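Notes to accompany the following structure.
The values are calculated or read from the model by the stated rules, or taken from the named source; none is laboratory data. Computed from a predicted model, the values in this text were never measured in an experiment. Here the Cβ positions follow ideal geometry from the backbone for every residue, glycine too, while neighbour counts run over all protein chains shown.
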Amino acid sequence: MLQIAFFSVLNGLVYGMLLFMLSSGLTLIFGMMGVLNFAHAGFYMLGAYVAYTMGLYIGFWPALLVAPVLVGVAGALVERHGLRRVHRFGHVAELVFTFGVALLIEEVVALVWGRPAKAYEVPALLDFPLFRVFGSSFPAYKGFMLLVAVAIFLFIFAILSRTRAGLIIQASLTHPGMVAMLGHNVPRVFMVVFGIGSALAGLAGVIAGPVLGTFPGMAQVLGSIVFVVVVIGGLGSLTGAFVASLLIGIVQTFAVALDVSVGNVLMALGVPARASVALHDIWKVTIAQVAPIMPYLLLVLVLMIRPTGLFGTRET
Amino acid sequence: MMRALELQDVHKAFGPTPIIRGVSLTIEAGTRQALIGPNGAGKSTLFNLITGKYPVSSGHIRLKGAEVTGRRPNEINRLGLSRSFQVTNIFPQLSVFENVRCSVLWALGYRYSFWHRVNRARDVQERTETVLEQLNLMARRHVPAGVLSYAEQRALEIGITIAGGADVILLDEPTSGMSRSETEHVVQLIREVTAGKTLLMVEHDMGVVFDLADRIAVLVYGEIIAHDTPERIRANAAVQEAYLGVPQGAV
Amino acid sequence: MSTPTPAAARPLAIDQASRSGGLRAFGLWLGVALLLVVLPFVIRTPVAVPIMSQMGIAIVFALSFNMLLGQGGMLSFGHAVYFGVGGFIAAHALNLAAARGVYLPVPLVPLAGGLGGLVFAMIFGAFSTIRSGTVFAMISLGVGELMAASSLIFDRFFGGEEGITTNRAKAPLLFGLTFTKDREVYYLIAFWVVVTAAAMYAFSRTPIGRIANAVRDNPERAEFVGYSPRWVRYVSFCAAGLFAGIAGGLFAVNYEILTAENMGLNASGAVLLMTYIGGIGYFLGPIMGAVVFTFLQSMLSDYTGIWLLYLGILFLATVLFVPAGLAGLLMLHAPAWRAGRLPRLIGPYLLVAVFGVVAAVGVVGAFEMTHFLASAESTRATKRLFGVAVAPRTAAPWLAFIALTAVGALGLRWAAPRATAALAEANRPGPSR
């Protein structure tokens, strides 16, 4: 039991920090431009695939540095030539556009690399157990993932709060018109933020690819969860994204490990056993099976009760 | 005389900042009144409080005797109060005709009906056409409202406000941004459409105010400092000080 | 300003319009119905009738989606939930009719689907429609994912991985009508298409339908003229759920199987794509989009494995360059058509078409060769493209396709502005020059 708890927390932390890497870019983009970027998970996928291919020629570590940059450039181009053009048609058109880009990225990836999953391997340097506890080992690569995610968080935080560029970005978040009046090239700021957000997503892909799998459906799998995180944390709030990522990461990892049935939980909460007949299907299902639904239940609940999310200040 | 609108010690603060600091105001039915005051006095905020867009921090607002404090804008509208907006607030993709028609539908009792055909409803058609003629927009009735000229949009704005037949009309700076001749037309329009109704308007154009208003209320820093006939307001020392900044007689 | 004669004293504009307009509208619907009846006899390829049935289902689904998007300004990423639920309930109802002798003949099964869609829309709509915009889109996404994930838990209703099957041959008969042949099912679907399309059109002409447009444009102002935007959205949402459920019921009758996929994000995405491509601002838009999308989906998938990529490109091109969709593109030519100046456009448009085709051939060729190299077919050396055998591993075909793309793109750059100018000229009000 303790073993399950310990490793669930650890794995949940890793998963949560990965979610944060993805959701930080998404929430920044939303906070600044008011558009929920459906294609964000697509850039995550591109990062994994590009790093995989480059890794075949130049190795994992150079690819780790180059692939996110390439993905970031792709993101900036999408903003410059696509999103900017669609912006004047309104929020709905922007959402629909990013939805189309997400679709296109998935199809292009399937086109260029094929549909079967790629054998994107953990680099040999990190392919050892970091420590052994309670009879199970924790892979060093996951420790590396954690390290990178924390470094990213500190990096973003430092840039936003301590550099001049960061100040301009923060100001553009709430008062783009005024920032433009002060002489800054706000469209360029938007493009840069979009590019950096996409690069972050790409970096998440480079790192997560070996662990979560590299296949054309990987964007869809993670994409919805990232939206849930961003909305629950609060659209535009970095702190919210951080808290919500960890929350969902740990809760989901824990839930998957629990082989207890919903019926047992309900009975422990005082619901009489006769209810098992009426709630037939739900009763015998395990928490692990219900785990995939939980983020969406949480999403719907939060949107009903507090649409601005835990830390957010705006809904649209 | 019946009281159309009654504000009783209304306060409104946004966070720690008080904007409306205890406004008590009574507007008699059938009168045309103006609300004036320097910029930032809180005139639009007061409108937003009366029409339900913002909740009051404390105090009471009564419409024709009924308590409307804290009610939603659509409920207040259904009780007979309608307002226009300082920044034109129309339905840009709908035609001019449809803009006015939307304002008519609830008032004529159609509500959320999905069993009537609007195009066949004579009463809706009649009322809409009458209003469009008053606005002088019959010729433009099929044009999408978003492409109208500024003055036409302001006229449509007023049209949407009065088409429902509300008897208490609030107009927020109806002539802002207009030329001399456009203003004259709008004043004439306002006089026509508010005949027999109660009008309260926010205005900066003193010519319009003195032309139309029976009584004038002056709002300064969230408080009513005077509420009187135009001549007496003109002569009021406190009003002059508020506008000119210098107590009369001092140098 | 003189006192105008009150409208009540003059002959109203609507009286004249409604008499002739009403007859014209009725004639139009009658014409459409006749066209649908005659179609299977005009297009005689055996595969045509099942595809037309598929189109019919898509038309109803897309029209219901546009009640939300085009009419109400609500972008939903989970509309397939009501389609799917309607389908499941219809399938279960049909099975019940066959087993327990409940009198539910096949023609009425879509109504059961509609009821299912309506009930679920009433439940989920209660909290989905509190706000519009991004929040609405996110809730719809959440509900969609929730339902898709729930389908694995409630397997008595959703049939687990295999789904629920049904059989229209076992149902009680209405007027002795059987539905064993493709053509019979087609006529049933065509009937429902006409009925639901007429109903949805009529809905858009009711007070709630007009106010839904107003709430889309400016929910704040709608509130200040007496309406609750939330209620308006809710009613639209329930109506859209009803018609989506009918589409789902038609699907159940046609394919006799429903799976969780029919409720999922892919199905919701597909209806968004087809509606947007068709044009959300016109009633005809979703109809055109559904027809084109279904056509491309069925036809293209026979020739290429990457048809979804082409559809995606078409979709993005629509969003970026022709946001009004196909219907909008057609309507753009209305003034020219009225003035009889359309023939002038043939020349410039033909040029654009030629260069467009050249560029398309180049791009498609490059894509198909890439697909060939990346997929399992790559054990072979050549691939048949446009009737010619090409060898994707050599440089020659690549150079050829890239050259075609370049020529086509440059030609388009030259020809497109001329076509736009020609259109503007043809649309110009005034006498022909």
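Among the residues that make up segment A:56-77, is at least one of them within 14 Å of another protein chain (Cβ to nearest Cβ), within 30 Å of C:Met74 (Cα to Cα) and touching a Gly at 6+ places or on another chain (Cβ under 9 Å)?
Filtering segment A:56-77 down to residues within 14 Å of another protein chain (Cβ to nearest Cβ) leaves A:77.
Next, only the ones that are within 30 Å of C:Met74 (Cα to Cα) stay: A:77.
Narrowing the set further to residues that are touching a Gly at 6+ places or on another chain (Cβ under 9 Å) leaves A:77.
Among the residues of segment A:56-77, at least one is within 14 Å of another protein chain (Cβ to nearest Cβ), within 30 Å of C:Met74 (Cα to Cα) and touching a Gly at 6+ places or on another chain (Cβ under 9 Å), which makes the answer yes.
Could you say which residue among C:Arg205, C:Arg156 is surrounded by fewer than 22 Cβ atoms within 10 Å (Cβ to Cβ), charged (D, E, K, R) and within 14 Å of chain B (Cβ to nearest Cβ)?
Values: C:Arg156 fails: within 14 Å of chain B (Cβ to nearest Cβ).
One residue alone meets the criteria, C:Arg205.
The lone criterion from (1) within 12 Å of another protein chain (Cβ to nearest Cβ); (2) in contact (Cβ under 8 Å) with a residue 12 or more places away in the chain; (3) over 22 Å from A:Leu95 (Cα atoms) left unmet by C:Asn262 is number (1). Touching a Leu at 6+ places or on another chain (Cβ under 9 Å), in contact (Cβ under 8 Å) with a residue 24 or more places away in the chain, of a type outside the set (A, V, I, L, M) and crowded, with 20+ Cβ neighbours inside 10 Å - does that describe any residue in segment C:318-332? Within segment C:318-332, one or more residues are touching a Leu at 6+ places or on another chain (Cβ under 9 Å), in contact (Cβ under 8 Å) with a residue 24 or more places away in the chain, of a type outside the set (A, V, I, L, M) and crowded, with 20+ Cβ neighbours inside 10 Å.
Per-residue answers, yes or no, for (1) over 22 Å from the mean Cα position of the chain (by Cα); (2) in a helix (DSSP H, G or I); (3) over 19 Å from C:Ala247 (Cα atoms):
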site: C:Phe124; (1), (2), (3): yes, yes, no
site: C:Val135; (1), (2), (3): yes, yes, yes
site: C:Leu141; (1), (2), (3): no, yes, yes
site: C:Leu146; (1), (2), (3): yes, yes, yes
site: C:Ala149; (1), (2), (3): yes, yes, yes
site: C:Ile153; (1), (2), (3): yes, no, yes
site: C:Glu162; (1), (2), (3): yes, no, yes
site: C:Thr180; (1), (2), (3): yes, no, yes
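If you filter segment B:124-140 down to residues that are within 9 Å of another protein chain (Cβ to nearest Cβ) and among the charged types (D, E, K, R), you find that the one that is surrounded by the fewest Cβ atoms within 10 Å (Cβ to Cβ) is B:Glu133. Just one of the listed residues (C:Ser236, C:Ser228) is within 13 Å of chain B (Cβ to nearest Cβ) and buried (at least 24 other Cβ atoms within 10 Å of the Cβ), and it is C:Ser236. When the residues of segment A:207-232 are filtered to those that are of a type in the set (Gly, Ala, Ser) and within 13 Å of chain C (Cβ to nearest Cβ), the one that is surrounded by the most Cβ atoms within 10 Å (Cβ to Cβ) is A:Ala219.
Looking for whichever is buried (at least 18 other Cβ atoms within 10 Å of the Cβ), without any contact (Cβ under 8 Å) to a residue 60 or more places away in the chain and among the hydrophobic types (A, V, I, L, M, F, W, C) here; the options are B:Leu219, B:Leu156, B:Leu170, B:Leu148. Which one fits?
After applying the criteria, what remains is B:Leu148.
For segment C:208-218, a tally of residues being out of contact with any Gly (no Cβ under 8 Å at 6 or more places or on another chain) and either more than 10 Å from every other protein chain (Cβ to nearest Cβ) or among the acidic types (Asp, Glu) (or both) returns 0. For B:Asn77, the criteria (1) in contact with a Leu (Cβ under 9 Å, 6 or more places away or on another chain); (2) surrounded by 16 or more Cβ atoms within 10 Å (Cβ to Cβ) hold in every case but one, which is (1). Restricting C:Thr405, C:Thr382, C:Thr394 to those that are within 23 Å of A:Leu111 (Cβ to Cβ) and in contact with a strand residue (DSSP E or B) (Cβ under 6 Å, 6 or more places away or on another chain) reduces the list to C:Thr382.
Any residue at all in segment C:326-335 that is within 17 Å of the chain's Cα centre (by Cα) and not aliphatic (A, V, I, L, M)? Full working, then the answer.
Filtering segment C:326-335 down to residues within 17 Å of the chain's Cα centre (by Cα) leaves C:326-330.
Those left that are additionally not aliphatic (A, V, I, L, M): C:328.
The answer is yes, given that some residue of segment C:326-335 is within 17 Å of the chain's Cα centre (by Cα) and not aliphatic (A, V, I, L, M).
In segment A:102-123, the condition of being crowded, with 24+ Cβ neighbours inside 10 Å, touching a strand residue (DSSP E or B) at 6+ places or on another chain (Cβ under 9 Å), under 26 Å from C:Gly312 (Cβ atoms) and within 14 Å of chain C (Cβ to nearest Cβ) is met by no residue. Residues in segment A:74-103 that are in contact (Cβ under 8 Å) with a residue 24 or more places away in the chain and of a type in the set (D, E, K, R) were compared, and the one that is farthest from A:Pro187 (Cα to Cα) is A:Glu94.
Residues that are within 28 Å of the chain's Cα centre (by Cα) and either of a type in the set (Asp, Glu) or outside any helix (DSSP H, G or I) (or both) within segment C:336-373 comprise just one, C:Glu368.
In the list B:Arg111, B:Arg117, B:Arg127, B:Arg154, which residue meets the criterion of being at pLDDT below 95 and touching a helix residue (DSSP H, G or I) at 6+ places or on another chain (Cβ under 6 Å)? Lay out the reasoning, then the answer.
Details: B:Arg111 fails: touching a helix residue (DSSP H, G or I) at 6+ places or on another chain (Cβ under 6 Å); B:Arg117 fails: touching a helix residue (DSSP H, G or I) at 6+ places or on another chain (Cβ under 6 Å); B:Arg154 fails: touching a helix residue (DSSP H, G or I) at 6+ places or on another chain (Cβ under 6 Å).
Residue meeting the stated conditions: B:Arg127.
Taken as a whole, segment C:82-92 holds at least one residue that is surrounded by fewer than 24 Cβ atoms within 10 Å (Cβ to Cβ) and either in a helix (DSSP H, G or I) or in contact with a Cys (Cβ under 7 Å, 6 or more places away or on another chain) (or both). The residues of segment C:333-347 that are on the phi < 0 side of the Ramachandran plot and out of contact with any Leu (no Cβ under 8 Å at 6 or more places or on another chain), listed by number, are C:Ala334, C:Pro335, C:Trp337, C:Arg338, C:Ala339, C:Arg341, C:Leu342, C:Pro343, C:Arg344, C:Ile346, C:Gly347. For segment B:93-123, filtered to residues that are within 16 Å of C:Pro219 (Cα to Cα) and among the polar types (S, T, N, Q), the residue that is surrounded by the fewest Cβ atoms within 10 Å (Cβ to Cβ) is B:Gln93.
The residue list C:Glu223, C:Glu161, C:Glu184 contains one member that is acidic (Asp, Glu) and buried (at least 22 other Cβ atoms within 10 Å of the Cβ), which is C:Glu223.
Having 2 or more residues that are of a type outside the set (A, V, I, L, M), touching a strand residue (DSSP E or B) at 6+ places or on another chain (Cβ under 6 Å) and more than 8 Å from chain C (Cβ to nearest Cβ) is the bar; report the helices (runs of 4 or more DSSP H) wholly within segment B:30-123 that clear it. Don't jump to the end; show me each part of the working.
Details: elements: B:43-50, B:73-78, B:96-105.
Counting at least 2 such residues, we get B:43-50.
Quick grid of which residues meet (1) in contact with a His (Cβ under 9 Å, 6 or more places away or on another chain); (2) of a type in the set (A, V, I, L, M); (3) part of a helix (DSSP H, G or I); (4) modelled with pLDDT of 85 or more:
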| site | (1), (2), (3), (4) |
| --- | --- |
| C:Arg24 | no, no, yes, no |
| C:Gly27 | no, no, yes, no |
| C:Ala33 | no, yes, yes, yes |
| C:Gln54 | no, no, yes, yes |
| C:Leu63 | no, yes, yes, yes |
| C:Gly78 | no, no, no, yes |
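Total residues in segment C:132-153 satisfying the condition of being within 7 Å of another protein chain (Cβ to nearest Cβ) and under 29 Å from C:Gly72 (Cβ atoms): the figure is 13. Scanning segment A:200-233 for residues that are aromatic (Phe, Trp, Tyr) and more than 9 Å from the chain's Cα centre (by Cα) gives a single hit, A:Phe215.
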